[in-house]
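Just so you know, all these numbers are worked out from the coordinates, no wet-lab data involved. Keep in mind the model is a prediction, meaning the values are calculated, not measured. Neighbour counts are summed over all protein chains in view; Cβ atoms, including those assigned to glycine, are modelled from backbone coordinates with ideal geometry.
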Amino acid sequence: MELCHGGDMLEAAVKKFYTMTNIVSAIKQLVLTLAAVEDSIEFEHRDLHMGNVLAGHDPNKPILEFDVCGDVYKVPSNGWVITIIDFTLSRLQSEDCVIFTDLSKEMTLFDGGRTMTRLMQAVREDNGNDWKTFNPQSNVRWILFLLRELIKRCEHTVKLKGLLTRLERYKSCYQMLPHFDEIFDMTKK
Ligand SMILES: Nc1ncnc2c1ncn2[C@@H]1O[C@H](COP(=O)(O)OP(=O)(O)OP(=O)(O)O)[C@@H](O)[C@H]1O
Ligand SMILES: [Mg+2]
């Protein structure tokens, strides 16, 4: 198997990455990617922190096309292609079995008051500590986490906070699809 170089992790991405245009594009790419796999394989990533999302610079791909549930979404990339990695904690349905990591007896990931720990605690509350079940809200929680982290690094916070508020209403990325243009209408506050 050959692994492509996906770019730098968002945590370390060069400062010029953190513009509103790039951040909106990154969130769109993540929503569409996750919506597609929520629908096809009941996928939850479950560990989508800044080290597990890569931004690769590719000026040859100004428009990215996502074929999601029969519809094609075109996302201006501004030259940045987002890739998700590290599926250690992920959950998916494969034919007749569920592949997942059982965190029901795990302590350290849930111990403490850090933002990421609180996120893990919220996901555990959503799934009742049954990690086999499919709760795509975890994907939304992680996207909100990433967007909050990106907002800290960007100057256009008002509009990005508006986007955050609109995304917060959804329980899965799939559920966002019919409202995609409205959610990402950045002329709104
Ligand atoms: N396809 C890739 N392209 C570029 N860099 C990558 C790629 N895959 C992994 N990396 C780099 O390696 C780092 C670690 O990879 P990964 O997240 O898969 O393992 P890990 O963090 O050690 O695993 P875990 O989080 O389970 O401990 C990433 O943060 C990234 O910097
Ligand atoms: Mg990792």
Euclidean distance between Cα centres, segment 1-41 to segment 158-187, Å: 16 Å
Choice from Lys161, Lys15, Lys61 showing the highest fluctuation, given a GNM over the chain with Cα pairs closer than 10 Å: Lys15
Average Cα contact separation per residue, the chain, under 8 Å, 6 or more apart, as relative contact order %: 25 percent
Order of Val98, Val53, Val68, Val158 under a 10 Å beta carbon neighbour criterion, fewest first: Val158, Val98, Val68, Val53
Under-5 Å amide H pairs with Val68, H placed in peptide plane, nonlocal only: Tyr73
Extended-chain gain in nm, criterion 0.36 nm per residue less alpha-carbon gap, Phe66 and Lys189: 41.7 nm
Rounded FRET efficiency, nearest 0.05, which uses the C-beta distance separating Cys154 from Phe110 and R0 of 25 Å: 0.25
The chain, helix-only ellipticity at 222 nm - DSSP H runs n ≥ 4, -39,500 (n - 2.57), divided by all residues, nearest 500: -11000 deg cm²/dmol
Dipole in debye (nearest 20) - the chain, about Cα centre, beta carbon charges: Lys, Arg +1; Asp, Glu -1: 1080 debye
Segment 8-20 - phi-based ³J(HN,Hα) in whole Hz, Karplus 6.51/-1.76/1.60, Gly and Pro as x: 8, 5, 4, 3, 10, 4, 4, 3, 5, 5, 7, 9, 4
C-alpha long axis of helix 157-167 to longest principal axis of the chain, angle in °: 40 degrees
Shape of segment 1-114, Cα gyration tensor, a/c cut at 1.5: oblate
Sorted by Cβ neighbour density within 10 Å, fewest at the top, the residues Glu44, Glu125: Glu125, Glu44
Gyration tensor (alpha-carbon) shape descriptor, segment 57-178, a/c threshold 1.5: oblate
Residues listed by number, segment 26-59, amide nitrogen under 19 Å from Asp96 label point at 7 Å toward C-beta: 41-42
Listed residues Ser138, Met116, Thr21: farthest to the positive end of the dipole of the chain (Cβ charges): Thr21
Count, lysine Cα pairs under 21 Å in segment 1-154, 8 or more residues apart or across chains: 11
